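K.L.:
Before I ask anything, here is the structure I am working with.
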Amino acid sequence: MTKSFNALKLAEEQIADLDQQLLKRKLRITNSPCDTKALVEDRELKAFCSNDYLGLANHPEIAKALSEGAQKYGVGSGASHLISGHSIAHDLLEKRLASLQSAHIPKARALFFSTGYLANLTAITGIARLAPQGSASIYSAKLNHASLIDGVRLASAQTNASVTLFDHTQPDLLIDLLKKDSKTLKLIVTDGVFSMDGDLAPVKKLLGIAEQYDALLLVDDAHGFGVLGKQGHGILEQENIYSDRIIYIGTLGKAAGVSGAFICAQDTFVEWLVQKGRPYIYSTATPPAIAHALLKSLEIIESDEGKQRRVQLHRLIDIWQQEMVFSTWEKVSSCSPIQPLILGGNADTLLAATLLDEAGYWIPAIRPPTVPVGSSRLRITFSANHSENDLRSLIKTLQLIERQVLEKNHS
């Protein structure tokens, strides 16, 4: 066996350091479809941790559509979109996605991606490249998802754009910053629903500021698409927004239950991203069978069934907000399916997650750097497939576990 070389030693030491700080992450293997019950390492657990908000990930009609798509188009696309990988299935999906946002974005056009991460990298770096070097400003919400943060960092590195962080709960502070900004291009970047807190960005207010100071507004609606709005079209529908300044990102692997993401914006912006969006240009296209399955998913989201699923989901949110009472743990006021419990320290959060596991629940501990230091939490998420009894049983279990954690700390 060869002697451990320096890079390997560094990796071993730093992994050990993460473990000591209670920050080491671990994979868990499932052996069942994504649903409210999961077979994890040969144990059935009640899952309150996935982003399958509408319960569509194991929907038989979507599974059937995926199989049909594979039979019709095969299992791979073979190349990037601009070489030979752009199928009629992709085209139909993009046109359908654009039509969903056409009431909110004039001349809407959509681009389909394999992940939300790629969509965000493409949108932010591509839009920043509209301006000459050093003449773009990016204003990014402090609690944005990692993919937005990385997109902003990459755009800054590529274009020398200036970057300013802002608190999305205090949008008026942006006004003084933008008043003094004489850059050619200004871009405000925010999540629609913040993934770790479950609160909504003040999108209408941010759009008003963008319009007043000639900025664009990029909204990553990963956790809102399918859930928010009467038809499930997302935060733009819920807030009744219409503007050609919007760059909208929607995710298709969460409420839509399948995989991928899309950018939707005014046609000219999307054409620019086709020409200059490097992650789009240089990535192999998603298998067309996935696009075919997503067409069925979108059909369900807009149907009466989709509406009933959203009604059930919001009923669960109401029950949680009304009936879940803690003595010390902090419950966040969220109108989304994301309902975090903030415990603070890593040790208490890991203990609570372990006790939940022993009680038959799968709710992982979320720790830094995913959330700020001192705000470790249990990130609880609801699915339309959860029943009211499922939720009330969880509430009782959590209240018992809170007492157990407190007793351990006092012993």
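K.L.:
Just the residues that are polar (S, T, N, Q) and at pLDDT 95 or above, please, taken from region 183-229.
P.N.:
THR184, THR190, GLN212
K.L.:
Would a scan of region 157-175 turn up a residue that is of a type outside the set (Phe, Trp, Tyr), within 16 Å of the chain's Cα centre (by Cα) and surrounded by fewer than 22 Cβ atoms within 10 Å (Cβ to Cβ)?
P.N.:
Within region 157-175 (the criterion being of a type outside the set (Phe, Trp, Tyr), within 16 Å of the chain's Cα centre (by Cα) and surrounded by fewer than 22 Cβ atoms within 10 Å (Cβ to Cβ)), the answer is no, since none of the residues qualifies.
K.L.:
Right, next: Does any residue of region 143-151 turn out to be modelled with pLDDT of 95 or more, closer than 30 Å to GLY74 by Cβ and either among the small types (Gly, Ala, Ser) or surrounded by fewer than 22 Cβ atoms within 10 Å (Cβ to Cβ) (or both)?
P.N.:
yes
K.L.:
Kindly check whether there is at least one residue in region 279-288 that is at pLDDT 95 or above, within 24 Å of SER102 (Cα to Cα), among the aromatic types (Phe, Trp, Tyr) and in contact with a Ser or Thr (Cβ under 6 Å, 6 or more places away or on another chain).
P.N.:
Yes: one or more hits.
K.L.:
Are there any strands (runs of 3 or more DSSP E) wholly within region 1-114 with 2 or more residues that are under 30 Å from LYS276 (Cα atoms), and if so which?
P.N.:
Those strands (runs of 3 or more DSSP E) span 108-113.
The values are calculated or read from the model by the stated rules, or taken from the named source; none is laboratory data. Since the model is a prediction, treat every value here as computed from it, not as a measurement. Cβ: placed from backbone, ideal geometry, glycine included. Neighbour counts: every protein chain shown.
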